[in-house]
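What follows is a single structure, written as structure tokens, with notes after it.
The values are calculated or read from the model by the stated rules, or taken from the named source; none is laboratory data. Computed from a predicted structure; not experimentally measured. Cβ atoms come from the backbone with ideal geometry, glycine included; neighbour counts cover every protein chain shown.
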Amino acid sequence: MSLLEVRKNFVQYSGRFDLIVDRINFADKGANFYIRAGQQYLDTFVDIFESESKTYAPLAAGAWYQLIADVRVIEHVYLVSSIGDKTELNKISVEEFRNTYRSDPSTYISNSKGYCAEYCVTNLRTTPLTQGEVTIDEFGDNSYTVSVDDFLYTGILFSPPLGETGSIEIIGKFYQPKLMVDTDSNYWTEVYPQILVMSACRQLEISYRNTVGVKDWEAAIAAELHGLELDFADEISNQIRKFRG
């Protein structure tokens, strides 16, 4: 289903025809807000096989940071060399990174022996907020600033800086693609549109301040998702033969 088809089902299911312009074209007049909020709830409420995803990005020589969009949880980071070899990086804390690089990381490039070995996840928020701009870090007069919306991104810092060109592979839990225009679709709209409609109805109940109705929808949604959770648990555990002591 597309967003338009989900919207039709949502207004028919909820009876809220005031959330569309008319009953012919079903143009949005507020329904999309509840559908998108419902998708957010599903994305964060349950971990299923389709919660996992990966993304790739090229890296130039000297790179020591990368911004990742729409990621919920970063689980694994792999550095890919120019000849295609993949190496998983060890995760460290931001404090450990700062203890190692007390000055501009770019000054350490000459000491790098090829590829970095560690990474940390960093918060990109800066106060006061500058719309459409993210400051990775500042070292005296040298500021590393990128023109993006910080609300959409998570930052990764590398240690040591990259000694030559390569790329990065990030594996983790990602939000499903946002439903912005009527032709958009994602996992929820294509495979389980009924659950997305139910989740949008839950958001509608919140606007009514109807706690009983919200709980009823949550119970119904949880029942629908239960089988998907069991499938995911089976997928990640079916090859486990022993536990570490």
Check your understanding: Condition test on THR55, is it surrounded by fewer than 17 Cβ atoms within 10 Å (Cβ to Cβ), under 30 Å from LEU228 (Cα atoms) and not assigned by TED's automatic domain parsing to the domain that holds SER199?
Key -> yes
Practice item. Could you please find all residues in the stretch 188-231 being farther than 18 Å from PRO177 by Cβ and outside any helix (DSSP H, G or I)? Key: TYR208, ARG209, ASN210
Check your understanding: Within the bounds of the stretch 203-226, is there any residue that is at pLDDT below 90, within 30 Å of ARG7 (Cα to Cα), surrounded by fewer than 19 Cβ atoms within 10 Å (Cβ to Cβ) and not assigned by TED's automatic domain parsing to the domain that holds GLU95?
Key -> yes
Check your understanding: Can you spot a residue in the stretch 158-175 that is in contact (Cβ under 8 Å) with a residue 24 or more places away in the chain, of a type in the set (S, T, N, Q) and surrounded by fewer than 13 Cβ atoms within 10 Å (Cβ to Cβ)?
Key -> no
Check your understanding: Any idea which residue in the stretch 65-85 is farthest from CYS116 (Cα to Cα), counting only those that are modelled with pLDDT of 90 or more and out of contact with any Gly (no Cβ under 8 Å at 6 or more places or on another chain)?
Key -> ASP70
Exercise for review: Please verify whether the stretch 91-114 includes one or more residues that are touching a residue at least 24 places away in the same chain (Cβ under 8 Å) and in contact with a Lys or Arg (Cβ under 9 Å, 6 or more places away or on another chain).
Suggested key: no
Check your understanding: Just a yes or no: is a residue in the stretch 176-183 assigned by TED's automatic domain parsing to the domain that holds ASP18, surrounded by 14 or more Cβ atoms within 10 Å (Cβ to Cβ), of a type outside the set (Gly, Ala, Ser) and more than 25 Å from LEU228 (Cβ to Cβ)?
Key -> yes
Check your understanding: Can we say PHE139 is touching a Cys at 6+ places or on another chain (Cβ under 6 Å), surrounded by 13 or more Cβ atoms within 10 Å (Cβ to Cβ) and not β-branched (Val, Ile, Thr)?
Key -> no
Review point. Residues in the stretch 143-157 that are assigned to a strand (DSSP E or B) and surrounded by fewer than 12 Cβ atoms within 10 Å (Cβ to Cβ): how many?
Key: 1
Exercise for review: Could you list all residues from the stretch 19-64 that are of a type in the set (Val, Ile, Thr), assigned to a helix (DSSP H, G or I) and at pLDDT below 95?
Suggested key: THR44
**Study point:** Criterion (of a type outside the set (Val, Ile, Thr) and farther than 28 Å from SER167 by Cβ) met by exactly one of TYR56, TYR41
**Key:** TYR41
Exercise for review: Under 7 Å between Cβ atoms, at least 6 apart or on separate chains: pull out the pairs that start in the stretch 183-197 with a residue that is among the acidic types (Asp, Glu) and end on any residue that is at pLDDT 95 or above and part of a helix (DSSP H, G or I).
Suggested key: ASP184/LEU3
